[in-house]
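The structure appears right after this line, and notes come after that.
Computed from the coordinates by the stated procedures, all read-outs in this text should not be read as laboratory data. It should be emphasised that the depicted structure is a prediction, and the values quoted were computed from it without experimental measurement. Glycine also receives a Cβ, built like all others from the backbone with ideal geometry; neighbour counts cover every protein chain displayed.
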Amino acid sequence: MIPEEAAPPEAPGRLLERVRKLLAKAGDESVTPPEAQALTAKAAELMAKYGIDRALLAADQPETDRPADQIVTVENPWGRVKAHLLTGLATALRCQCVLLPARDGLRVHIFGFASDLERADLLYTSLLVQMWHGLVAAPVPEWASSPRAWRRSWLLGFASSVVGRVRAAEEAAAGQAPGGEPAASRTALVLADRSDVIRGHVGQAYPRLRRTRITYSGSGYGAGWAQGQRADIGTARVARPRGRALSGR
């Protein structure tokens, strides 16, 4: 038997497949909230490790992970809230986002390395399902003056909560690179270089950007935040050179 500390690293493809299976199980309606929380936490941990492995591999073999971009259309209802979740997750996974107008909702232009775009899509798809399940199960309090405002604030609380958890998992993975302090320092440099590359791509596509924040008026934020902690683990009219960047916060 091979000692645990001497076991070979898991192949990135197999690691991501484990993440997919965990998230799929977490999104099943038969899974209880505590079970979903445990599944998502493990998925986020594995996904963060996958992201670090791919980044370090690409530092030595650039052809394995190239900068890319994609536009995701986020439709109404709750288009701005869903965009908040998407941009928050993408930003936590070291992508950068620009929010564009659409006829019925919004378009989110996401820039990142291919592996990070893949992770963002996978996590957003799972957490979006969990968010709707949680909202349906959350009764609007009788004292809420506006059910719609309460639900919107609940959704924003959920999104902010899960984004914070994903960001924490990413930071933990970056600081726990095997090999001690030299390896951790190299990881930090690699990730910083990747961020600079993506920032440059965004600047070329959209030279003039301004930041925006999403606000809420309902009183369901705290309840949504709490549900997000239990979940299984981001307009001006824009022509091509203009857009609105979202930090996901």
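Subtracting the Cα-Cα distance of Glu75 and Ser146 from 0.36 nm times their residue separation leaves 23.3 nm of extension gain. Segment Arg66..Arg211, full-extension length gain: 49.6 nm, with 0.36 nm per residue of separation and the alpha-carbon distance subtracted. For trypsin sites (Lys or Arg not before Pro), no site in segment 105-201 is both called loop by DSSP and has at most 10 other Cβ atoms within 10 Å.
The string of couplings for segment 159-173 from the Karplus curve (6.51, -1.76, 1.60, θ = phi - 60°) is 4, 4, 5, 5, 5, x, 5, 5, 4, 5, 5, 5, 5, 5, 5 Hz, one whole number per residue in order, with x for Gly and Pro. Amide H contacts under 5 Å for Val74: Leu106, Arg107, Val108, restricted to partners 5 or more places along the chain or on a different chain, H placed in the peptide plane at 1.01 Å from N.
Summing Cβ point charges (Lys, Arg +1; Asp, Glu -1) relative to the Cα centre of segment 1-153 gives a dipole of roughly 620 debye. In the distance distribution for segment 28-88, Cα-Cα pairs more than 19 Å apart total 62 percent.
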